[in-house]
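The structure appears right after this line, and notes come after that.
None of the figures in this text is laboratory data; all of them are computed from the coordinates on show. None of these values were measured; they are calculated from a predicted model. With ideal geometry, Cβ positions are generated from the backbone for all residues, glycine too; neighbour counts draw on all protein chains shown.
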């Protein structure tokens, strides 16, 4: 198909397709004339993945390139999953990097919290994992800010996270080893985060509203009405 | 205290403190001379909260201003929680807003998925919730991209999200109605997301590694060793 058809099929503007080509995210089409190229289903699939990673996943072009390279190089679905797990950007770390050198005590305490948590969960994770560092930075902030911070409460969160990861991997493992299906695994891993965050926010909303209706002094707004 | 001391206590540079003042995020200090102001503990607390929201929470200045206004206006902790739940930015929606008019069928199907899920969970949530729209957009992308998308699997995720929200609100509810403690509730709600995402990534890592060691053809790297 021509680039215009590729654009129509994927909803990605022609200019963006050309940009992804230049940035090395999308393989070249088959040249059919001096300035024309023929694109196939593999381009449709790759473009949809790029779009998902950059919009829903919120990845930068550079991070998207890393994830695509990891997918292309992995030889098995498990290899893909492991590579993706490291290629996807870690939340928190970048935003907090500016004051990484500060507050050494809080940082050491947070790192000890992470170590204890991983031991308590019997998680097998190399010390070099970017997620260990990211979690330590998140906990350092909680230590500093949360007046009621208690590290022993992390286990309850970790156990729920463990169950969620199991659901994620069940979805990913349903796919076989072909590159097309490994790409689906990227989607599952990258898109579960926003989906879960929205579900958590909806559940919070529900529970806050239920708490409010039990209050002595409910604050229902106009039009909210009883139910 | 002087602005230099305020900066030292919070780790926020003087120039940033002045910027937050100009942007209306931080109340004025008590004027002690033509160009000097005296700051108190409430400024320390507010600055730490601003820092947490903008770095760990990843909020823009405008979004931070909204959250702070909601905190200042709420009269009860529950009112604060409800206000914050709407003030915090919704993931996904903004990034996908560009093609909101496209793919009406997938969008209608995703909205029906959300409606069914909320009914199945017996969640009480107004139709106007920004999280409903956000989740519908996330599911629309999953519908389009995930070859093995099955809406009935959402319930398992929603139940885990429900348990996480309960943990969040237990932490928030431990605080009383004073403004200082309501601010702590913001921290709990805003910072649980990144923490949970990192725990999920660690759990994924653990499970991917365990899967790999069960493979016929394990791909352990050098130095990884048996355990």
>> Can you sort B:187, A:132, A:61 from fewest to most other Cβ atoms within 10 Å of each residue's own Cβ?
In response: A:61, A:132, B:187
> What are the label-to-label distances in nm, one decimal and shortest first, from residue A:148 to the same spot in the other copies, with labels 7 Å along Cα to Cβ?
Replying inline: 4.0
> For the residues A:32, B:115, what sequence is obtained by ranking on other C-beta atoms within 10 Å, fewest first?
Replying inline: A:32, B:115
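How much FRET efficiency would the formula 1/(1 + (r/R0)^6) give for residue B:156 and residue B:105, where r is the Cβ-Cβ distance and R0 is 25 Å, rounded to 0.05? Could you put the intermediate results ahead of the total?
Details: r = 26 Å, r/R0 = 1.03.
For residue B:156 and residue B:105, the calculated efficiency is 0.45.
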>> For the pair residue B:116/residue B:60, report the inter-label distance in nm, with labels modelled 7 Å from Cα in the Cβ direction.
In response: 3.5
> Across peptide A:136-149, how many C-beta atoms of other chains are within 10 Å of each residue C-beta, on average?
Replying inline: 6
> So which residue of B has the beta-carbon closest to the axis that swings B onto A, and how many whole Å away?
Replying inline: B:160, 3
> Hey, for residue B:124 with labels 7 Å out along Cα-Cβ, what do the inter-copy distances come to in nm, ordered shortest first?
Replying inline: 4.7
> Convex hull over the alpha-carbon atoms of the stretch A:1-80: what's its volume per residue in Å³?
Replying inline: 99
> By count of other Cβ within 10 Å, fewest leading, how are A:10, B:128 ordered?
Replying inline: B:128, A:10
> Hey, for residue A:8 with labels 7 Å out along Cα-Cβ, what do the inter-copy distances come to in nm, ordered shortest first?
Replying inline: 6.9
